[in-house]
Amino acid sequence: MISNNPGQIKNLLNQPGLRQESSELKEKLQQLQHYTNQLAKETNRHLKELGSLPPPLSPSEQRQQKLQRERLMNDFSSALNNFQVVQRRAAEREKESVARARAGSRVLVSSDSL
């Protein structure tokens, strides 16, 4: 579920192994991000389809359907915002990891030339 996945991603980001370049954790993180992106696209498509359905005949059913659609849109928007925040955090972590790896390789190259 889209609203649960940002929490799972956050947990993966907070695991110490991620900082130690654990390829297994990174793979899990990438899979979860990809899966959540796919879910978001599918959900967006379904919400658009829901919006294009003909309205019910009864005014009370129309109001109820409108409220339900608005609630779904708000929940989806909130879940997407949470996911985006976590994705940015994951991107920052990856950037830091690459910088550490580059710095480490420079140190190795410098010590090898001595």
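Residues are listed down the side, and each one gets a yes or a no for (1) of a type outside the set (A, V, I, L, M, F, W, C); (2) more than 14 Å from the chain's Cα centre (by Cα); (3) modelled with pLDDT of 90 or more:
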position	(1), (2), (3)
Leu12	no, no, no
Pro16	yes, yes, no
Leu32	no, no, yes
Pro59	yes, yes, yes
Gln68	yes, yes, yes
The stretch 72-91, residues that are modelled with pLDDT under 90 and loosely packed, with under 12 Cβ neighbours inside 10 Å:
Ala91
Mind listing just one residue for me: the one in the stretch 18-27 that is under 13 Å from Ser97 (Cβ atoms) and surrounded by fewer than 11 Cβ atoms within 10 Å (Cβ to Cβ) and, of those, modelled with the lowest pLDDT?
Gln20
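Residue-wise test of (1) surrounded by fewer than 11 Cβ atoms within 10 Å (Cβ to Cβ); (2) in contact (Cβ under 8 Å) with a residue 40 or more places away in the chain; (3) part of a helix (DSSP H, G or I).
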site: Glu42; (1), (2), (3): no, no, yes
site: Leu57; (1), (2), (3): yes, no, no
site: Ser60; (1), (2), (3): yes, no, yes
site: Arg69; (1), (2), (3): no, no, yes
What are the residue pairs meeting all of these: first residue in the stretch 1-16, first residue on the phi < 0 side of the Ramachandran plot, second residue modelled with pLDDT under 80 and part of a helix (DSSP H, G or I), Cβ atoms under 8 Å, and 6 or more apart or on different chains?
Leu12/Leu18
Some residue of the stretch 29-38 being among the polar types (S, T, N, Q) and in contact (Cβ under 8 Å) with a residue 60 or more places away in the chain
no
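The values are calculated or read from the model by the stated rules, or taken from the named source; none is laboratory data. Small disclaimer: the values here were computed from a predicted structure and weren't measured. Every residue, glycine among them, receives a Cβ derived from its backbone with ideal geometry; neighbour counts consider all protein chains shown.
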